[in-house]
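S.K.: I have a structure here, written as structure tokens, and I will follow up with some questions on it.
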Amino acid sequence: MLFDSTTLGTLSLDNRVGLAPMTRVSATADGRATEEMADYYAKFADGGFSVLITEGVYTDDAYSQGYLNQPGLVTDDHVTAWSRVTDAVHDAGAPVVAQLMHGGAQTQGNPHVDGEATLAPSTVGPDAEKAEAYGGSGEFPEPKRATEDDLDAARDGFVDAAVNAHEAGFDGVEIHAANGYLLNEFLAADMNRRDDEYGGGPDARVRYPESVVSAVHDAVPDEFVVGIRLSQTRVTNDEYAWPEGEDAAAVFFERLSAAGADYVHTTEPNATSPTFGDEGPTLAEAAAEHVTEGTTVIANGGLGDPDAARQAVDDGADLVTLATSALANPDWPDRVANDEDLTAFDPARFLAPKASISAHELPDKRSPADD
């Protein structure tokens, strides 16, 4: 089934294996995608991945940027730069989706604000150290509690970035509500301690992310795909779980898909392991049960072994996405389809000392430009 054709919203896909979003701090200082990024993404399309989802792209020139040298979709220059990437991927034969991300309290580099100012649902920051591979060091600061005006501005940023993504030639956008960034913080009871309409039980915690999905859906053409990525765990806490368990998942998946998400992209450290107790379903299985009819479910997490990827599809996921396995094997679909050996992922070759695109990752062996 991995190599059966399928659909993602209005997109026709050659197989059920996509490229997962991965943070790679390789844009210019002002957030423009580079020629090297075009080559980097196109090689995954050349290698047989049926759809590519980009690294997280910041959405406004206020609080959203999460890392230095992160790409944006805010300015006309950003749109022009990304157009070269989308053209390269389309020329290689695959659709490409932009992941829209607001860093929230997990931000560790943002030139648009004074000092280390960050924005979050509440004045609760990650209890962790910043990641040196992505340019950070030291502890995260206490974030500012988002006001109604802040939330309106952040929502508008997602909408404007989605419109810019369409102009840049993307086939869709993925709203990032996973891994500990702003929208994920609203879903998390330990990070969201608000006492207004956006805080409390699952029905309230989902309200702000739901409003973002709805606003983006209403702003883009019908054929433009809108997805959302969800996780319990965070970059800074890989053991966090929603206290209400599958009851929270049922609310989140149903409400967010009903708000206009064509797909739900679940991610956990191991996508084939039970996530709600030893006997509970995986996160992707819970999504398949609770999303509204017609919503595609994508599973991500530890699926580089072809047998694990097949299991995820057997368990109900419509597609799977690969991250580190794709870095080590940019032609993973072609290799697996031809029963060829796979290369093990070596983090030292890709993410150390910094997670920028390395020379050996480029098809023509050029070194990334020193922008």
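The values are calculated or read from the model by the stated rules, or taken from the named source; none is laboratory data. Model, not experiment: these values are computed from the prediction. Ideal geometry is used to build each Cβ from the backbone, glycine not excepted, and the neighbour counts take in all protein chains shown. Each accessible area value is taken on the protein alone, full model and side chains, heavy atoms only, with ligands, DNA and RNA left out. Shrake-Rupley method; radii C 1.70, N 1.55, O 1.52, S 1.80 Å.
S.K.: What is the set of long-range amide H partners of N179 at a cut-off below 5 Å, with H atoms built 1.01 Å from backbone N?
M.R.: Residues meeting the amide H criterion: S231.
S.K.: Shifting gears a bit: Rounded to the nearest 20 Debye, what is the dipole magnitude of the chain about its Cα centre when Lys and Arg each give +1 and Asp and Glu each give -1 at the C-beta?
M.R.: I would put it at about 540 debye.
S.K.: Moving on to the next point. So which GluC sites (Glu not before Pro) in the stretch 282-371 are both in a DSSP loop and have at most 16 other Cβ atoms within 10 Å of their Cβ?
M.R.: Numbers: sites: E285, E289, E293, E340, E361; in loops: E293, E340.
Sites meeting the loop and neighbour criteria: E293, E340.
S.K.: Of the heavy-atom accessible surface of the chain (probe 1.4 angstrom), what whole percent is carbon and sulfur?
M.R.: 42 percent
S.K.: Hey, with R₀ at 30 Å, roughly what FRET efficiency would S273 and R145 work out to, going by the Cβ-Cβ distance, to 0.05?
M.R.: So the FRET efficiency works out to roughly 0.30.
S.K.: Also: By the gyration tensor of its Cα atoms, with a ≥ b ≥ c the square roots of the eigenvalues, what is the shape of the chain: rounded for a/c under 1.5, prolate for a/b over b/c, or oblate?
M.R.: Taking the square roots of the gyration eigenvalues as a ≥ b ≥ c, the chain is rounded.
S.K.: Obtain the nm distance between the two label points defined at S12 and E35 by a simple spin-label model: each point lies 7 Å from its Cα along the Cα-to-C-beta direction.
M.R.: Once both label points are built, they end up 3.4 nm from each other.
S.K.: Given bins 5 angstrom wide, list per bin the percent of all Cα-Cα distances in the stretch 272-371, short to long.
M.R.: Using 5 Å bins, I get a P(r) of 2, 12, 17, 18, 15, 13, 12, 7, 4, 1, 0 for the stretch 272-371.
S.K.: For the chain: lysine pairs with Cα atoms under 27 Å, gap of 8 or more or different chains, count?
M.R.: 5
S.K.: Taking R0 as 41 Å, what FRET efficiency do you get between A128 and E167 from their Cβ-Cβ distance, rounded to the nearest 0.05?
M.R.: The computed FRET efficiency comes out at 0.65.
S.K.: How far is it, in nm, from the label point at D315 to the one at M1 when both lie 7 Å from their Cα along the line to the Cβ?
M.R.: So the label points at D315 and M1 sit 1.2 nm apart.
S.K.: For every helix of n ≥ 4 consecutive DSSP H residues, a contribution of -39,500 (n - 2.57) applies; sum these over the chain, divide by its total residues, and give [θ] at 222 nm rounded to the nearest 500 deg cm²/dmol. Before the final figure, lay out each step's value.
M.R.: Working: 12 runs with 116 residues, N = 371.
Calculated mean residue ellipticity at 222 nm is -9000 deg cm²/dmol.
S.K.: Go through I298, F350, A286 and say which Cα lies farthest out towards the positive end of the charge dipole of the stretch 283-371; charges sit on Cβ, +1 for Lys and Arg, -1 for Asp and Glu.
M.R.: Of the listed residues, the answer is F350.
S.K.: Quick one: compute the contact order of the chain, relative version, from alpha carbon pairs under 8 angstrom and 6+ residues apart, as a percent. Present the calculation step by step, with values, prior to reporting the outcome.
M.R.: On the way: 861 pairs, mean separation 64.2, N = 371.
Rounded, it is 17 percent for the chain.
S.K.: Another question, then. Positive end of the dipole of the chain, charges at C-beta (+1 Lys, Arg; -1 Asp, Glu), about the Cα centre: which of G138, V336, A154 has its Cα farthest in that direction?
M.R.: Positive-most Cα among the choices belongs to G138.
S.K.: Moving on to the next point. Given a 1.4 Å probe, how much area per residue of the chain is accessible, in Å²?
M.R.: Working: 14120 Å² over 371 residues.
Solvent-accessible surface per residue comes out at 38 Å².
S.K.: If I take every Cα pair under 8 Å that is 6 or more residues apart in the stretch 221-371, average their sequence separation and divide by the length, what percent do I get for the relative contact order?
M.R.: Relative contact order, the stretch 221-371: 16 percent.
S.K.: Which of rounded, prolate or oblate describes the stretch 1-111 when judged by the alpha-carbon gyration tensor and an a/c cut-off of 1.5?
M.R.: prolate
S.K.: Ok, one more. Can you tell me the length gained on complete extension of the stretch D195 to T292, counting 0.36 nm per residue apart and subtracting the Cα distance?
M.R.: Here the segment from D195 to T292 would lengthen by 32.0 nm.
S.K.: Can you tally the net charge around S50? Count Lys and Arg as +1, Asp and Glu as -1, for every other residue whose Cβ sits under 10 Å from the Cβ of S50.
M.R.: Within the 10 Å Cβ shell, the charges total 0.
S.K.: In whole angstrom, how far apart do the alpha carbon centroids of the stretch 77-151 and the stretch 219-283 sit?
M.R.: 20 Å
S.K.: A further question follows. Determine which residues of the stretch 109-136 fall in the zone a paramagnetic label at T75 would reach in this model, i.e. backbone nitrogen under 15 Å from the point 7 Å along Cα→Cβ.
M.R.: 111-113
S.K.: Just the accessible area for E36, please: 1.4 Å probe, Å², rounded to the nearest 10?
M.R.: 20 Å²
S.K.: Related question: With a cut-off of at most 12 other beta carbons within 10 Å, and DSSP calling the residue loop, which GluC sites (Glu not before Pro) in the stretch 202-263 qualify? Please list them.
M.R.: Filter output for the stretch 202-263: E223, E239.
S.K.: Could you give the length gained on full extension between R349 and V113, defined as 0.36 nm per residue of separation minus the Cα-Cα distance, in nm?
M.R.: Here the answer is 81.7 nm.
S.K.: For D203 and A241, calculate 0.36 nm times their separation in residues minus their Cα-Cα distance, and state this gained length in nm to one decimal.
M.R.: Computed gain between D203 and A241 is 12.0 nm.
S.K.: Give me the Kirkwood hydrodynamic radius of the stretch 1-47, using the inverse of the mean 1/r over all pairs of distinct Cα atoms, in Å to one decimal.
M.R.: Its Kirkwood hydrodynamic radius stands at 12.8 Å.
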